[in-house]
Amino acid sequence: MPSQSRRNPAPRVGSGSLVRCLLMNATIIRNGRIIDPANGRDEVGDLLIVDAAIADLSQLSSVNSPPNEIDARGLIVAPGLIDIHVHLREPGFAWKETIATGALAAAAGGFTTVVCMPNTSPAADSASTVTWIKDRARDTACVHVLPAGAISKNLAGEELAPIASLAHSGVVAITDDGHCIQNHELMRRAVEYARMVGLPVLDHCQDYHLVGNGVVNEGEWSTLLGLPGWPAAGEEAIVMRNILLAELCQHHIHCQHISSAGSVRLIREARARGVKISGEVCPHHLALTDASIETFDPKFKMNPPLRSERDIEALVDGIADGTLSILCSDHAPHAAFEKEVEFDKAPFGIIGLETELGLFIDILVHKRRAISIRRLVEMFTVEPARLLNLDAGTLSLGAKADVTLLDPDMEWTVDTNLFRSLSHNTPFSGWKLRGRAVRTIVAGETVFAL
Amino acid sequence: MTTRWNRKDLLGLRELSAGEINLVLETADAFKQVGTREIKKVPALRGKTLVNFFVEPSTRTRTSFELAALRLSADIINISAEASSLTKGETLKDTARNLEALHADILVIRHSSAGAPQFLAERVSSSVINAGDGAHEHPTQGLLDVYTIRERRGRIEGLNVAIVGDILFSRVARSNIFALTKLGARVTLVGPSTLVPREFEKFGVTVSHDLESVLPQADVVNLLRIQHERQRNEYFPGLGEYIRLFGLTRERAKLLKPDCLIMHPGPINRGVEIDSELADGAQSVILDQVTNGLAVRMAVLYLCGGIAA
């Protein structure tokens, strides 16, 4: 995270109140609809930020210089949003994205905190690489970048990574995302060990044998087009495995990018029994079906693949009833020359940070009316903060002043020319969406404003 | 003939109308005559350059396209996967743009990736002809198959056509399904449940796993090659069991109507999908398929090459 103390060393001169008053830096956000689910707050009012922290409005009188004023009339004032699933590609793949450009994209999308996946080169499977990522983020990122560590060495699924060292170096979770540990016994030990060090386990659910060389949803379209199918059962088998291991190890397992109706049903049933299992949804799995692959355009190739309308409806139902508690992007940048190849040879994944909020608001709040905007804010703040034990996602007094201003009704058109991300691999170019972030504030400083 | 040809490319038969398919067949009728003449050459594509770009190995199809182009007086370059820069890491897009920079008018592409011809067609102004892409389509094979059936039986509509074998991984099966159903044939797919998924019934065909119940009604039996390389994935327990259930043996052939045509896109595994004697027997039209392939490919090159002019 950008450390305030590092950037602006605390003044050594005096400790008198006069000096302190002069150094106060205040911002007041006026007349917005403040939604702070952590505190059960949803009301129109003013929000005061003093010295990078949320302050009581009564402190306004003690600020001697006039505060920065932000007019938030008609806007939602939310805690800074959190995306727990992004790929920032550093170290190792800086031509796709850097921590700096990924953070800019996050800010433009309304996110003040992102959790970056460990499939870098080298993989984030050692304290030294995690430290490198944290240093790089501190020096170059305009939002908080929190690394996730690997479960297995080099994400190979064979030997455990030094999970306690990773915890000590500051990872917020472990995952082999992009890969999936196939050996259930090894996964069991990883979950047990993670419980000891207090780290949540995130899992990319994919049975390698069932999925084989599949690149698209197995079904009508894979059959028609002759593309290798990726059956939903390949995800569901590992979701089921994770449910069993969460019960066995009494530790939380979070299933990443859930795509199938069967997975939703399994997670719903397990949660009803009190199993520590959860799931997340990416916007593309709600916005598109596998019919999109008809033109063989690799912009529609992601892992897990786009599925059917029936799966979309199950995902929406799962979000509506709380079975799926996390929304995220799986932001996966790839350079054009890498992505613009034969469909089966193209890498999986699309970018998402700058379109995710618009897609989720448009689909979940406006079009399908599955959740309220208040619940959507909760799913981007309280839910991820709780899952990963983050000190974020609230506008409580004294909390770090990470704030996102949303216009849930603004109509806008996705224009890749305006993207901050280094890569432009999105299928949503030209889409008209309703709802977006208009200002992003990290530790009291505006890092993005429309 | 009221249908007009307005396509630069031939990528698959799924997007073609029945009228367009018939137009190709009728054009092929005219070109078939050329093959019987003393001088087997016409100037239809004189001055045009055709590139046979075969990223996946093929002898039969490549030779057929080459001969078709020669008979149309086109200039031809053959590029195989080993000879192309693809092995040096060049992307398909760059290779295609380089070929186009040489003013190639027609690109005939064979590729292991489904969709590769469409990928090219969207990026170059040359005509792109799909000579087989992964498990997707092999449109000229589908056309020469319906041409051969039409030639022997005088029609397609109302015929019962059985396609037997590895349907799941077969581009020939897909192109045949699209052409035959558009022209009004009743198509039955026969093979093991692992290679003939029920999903295919959504495309207007019948799925069967019982060859002997299908053969007596069949007007055409098209036997697809069993691809040995697929067996590593255990799609069926072995060739012995495959032959027992789905091989066209002499005994099973007795169930066929006397005028039922036996087809095979080649290359044949004699003694596997078809008994050796049947492949050479009176009902077999396997070599007619090869001869007709030439006329059909001349028609396709002429129609698409003419559009690109």
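Throughout, read-outs are computed from the coordinates displayed, never taken from laboratory work. Worth saying up front: this structure is predicted, and the values here are computed from it rather than measured. When we count neighbours, we look across all protein chains shown, and the Cβ atoms used for this are built from the backbone with ideal geometry, even at glycine.
Between Rg and the Kirkwood Rh of the stretch A:148-300, both from Cα atoms, what is the Rg to Rh ratio? It would help to have the intermediate numbers written out before the result.
On the way: Rg = 16.3 Å, Rh = 16.2 Å.
The Rg/Rh ratio comes out at 1.00.
Suppose each label sits 7 Å from its Cα in the direction of the beta carbon; what would the A:GLU313-A:ALA291 distance come out to in nanometres?
With each label point 7 Å from Cα toward Cβ, the separation is 1.4 nm.
Would you please give the FRET efficiency between A:ALA156 and A:HIS366, computed as 1/(1 + (r/R0)^6) with r the Cβ-Cβ distance and R0 = 51 Å, to the nearest 0.05?
0.70
Give the percent of DSSP beta bridges with both residues in the stretch A:78-225 that are antiparallel, rounded to the nearest 5.
10 percent
Using a simple spin-label model with points 7 Å from Cα along the Cα→Cβ vector, what separation in nm is obtained for A:ARG273 and A:GLN182?
According to this spin-label approximation, the distance is 2.7 nm.
Please report, in debye to the nearest 20, how large the charge dipole of the protein assembly as shown is about its Cα centre when each Lys and Arg carries +1 at its beta carbon and each Asp and Glu carries -1 there.
My answer is approximately 900 debye.
So what J values fall out for the stretch A:31-40 if you push phi through Karplus, 6.51 cos²θ - 1.76 cosθ + 1.60 with θ = phi - 60°, rounded to Hz, Gly and Pro as x?
So the Karplus estimates, Gly and Pro as x, are 6, x, 8, 7, 10, 10, x, 4, 10, x Hz.
Anything in chain B that counts as a DSSP H helix reaching 30 Å or more along its axis (C-alpha) with Kyte-Doolittle mean of at least -1.0? List them, would you?
Helix filter hits for chain B: B:286-308.
What length, rounded to one decimal in nm, is gained on full extension from B:ARG155 through to B:ARG198, with 0.36 nm per residue of separation minus their alpha-carbon distance?
12.7 nm
Classify chain A as rounded, prolate or oblate, taking a ≥ b ≥ c as the square roots of the eigenvalues of its Cα gyration tensor: rounded when a/c is under 1.5, otherwise prolate if a/b is larger than b/c and oblate if not. Mind dumping the intermediate values first?
Working: a/c = 1.72, a/b = 1.47, b/c = 1.18.
Note, shape of chain A comes out prolate.
What net charge is computed for the residues neighbouring B:THR206, neighbours being all others with C-beta under 14 Å from the C-beta of B:THR206, Lys and Arg scored +1, Asp and Glu -1?
Cβ neighbours under 14 Å give a net charge of 0.
Dipole of the stretch A:202-314, Cα-centred, from +1 at each Lys and Arg C-beta and -1 at each Asp and Glu C-beta, to the nearest 20 debye?
380 debye
Can you report the principal axis dimensions of the stretch B:149-200 using only the alpha carbons, biggest first, rounded to whole angstrom?
Each principal axis gives a Cα extent; for the stretch B:149-200 these are 35, 17, 17 Å.
Where a Cα-Cα gap under 16 Å defines reach, which lysines qualify for B:LYS8, not counting those fewer than 8 residues away within the same chain?
B:LYS48
Quick one: which of A:50-59, A:160-169 comes out on top by average Cβ neighbours within 10 Å, and what's the full order, highest first? Could you put the intermediate results ahead of the total?
Details: A:50-59: 16.0, A:160-169: 19.1.
Order by mean packing, descending: A:160-169, A:50-59.
Over the residues of the protein assembly as shown, compute the C-alpha Rg and express it relative to 2.2 N^0.38 Å.
Compared with the compact-globule rule of thumb, the protein assembly as shown sits at 1.13.
Under a plain spin-label model, where a point goes 7 Å from the Cα along Cα-to-Cβ, how far apart in nm are A:SER65 and B:LYS40?
Distance between the two pseudo-spin positions: 9.0 nm.
Between A:ARG73 and A:ASP135, what is the FRET efficiency for a Förster distance of 45 Å, r being their Cβ-Cβ separation, to the nearest 0.05?
For A:ARG73 and A:ASP135, the calculated efficiency is 0.65.
What does the charge count around B:GLY115 come to, taking other residues whose C-beta lies under 9 Å from its C-beta (Lys +1, Arg +1, Asp -1, Glu -1)?
-4
Taking H placed 1.01 Å from N in the peptide plane, check which residues at least 5 places from A:MET410 or on another chain put their amide H under 5 Å from its amide H.
A:GLY435, A:ARG436
Above 25 Å lies some portion of the pair distances; for chain B, what is it as a whole percent of all C-alpha pairs?
Details: 22797 of 47586 pairs.
Of the Cα pairs, 48 percent sit more than 25 Å apart.
What number comes out for the charge environment of A:ALA53, summing +1 per Lys or Arg and -1 per Asp or Glu over other residues with Cβ under 13 Å away?
-4
Say R0 is 25 Å: what FRET efficiency, to the nearest 0.05, do B:ARG97 and B:ASN6 get from their beta-carbon distance?
About 0.50, to the nearest 0.05.
At what distance in angstrom do the alpha carbon centres of the stretch A:83-156 and the stretch A:259-337 lie from each other?
23 Å
Quick one: among A:GLU280, A:GLU338, A:GLU218, which has the greatest mean-square fluctuation in a GNM of chain A with alpha-carbon springs under 10 angstrom?
Most flexible of the set in this elastic network: A:GLU338.
Starting from the Cα of B:ARG252, step 7 Å toward the Cβ, then list every residue of the stretch B:179-217 with an amide N under 16 Å from that point.
B:188-196, B:207-217
Restricting everything to alpha-carbon atoms, can you work out Rg to Rh for the stretch A:40-90 with a Kirkwood hydrodynamic radius? Show your work: numbers first, answer last.
Numbers: Rg = 15.2 Å, Rh = 13.9 Å.
When Rh is taken as the Kirkwood radius, the ratio is 1.09.
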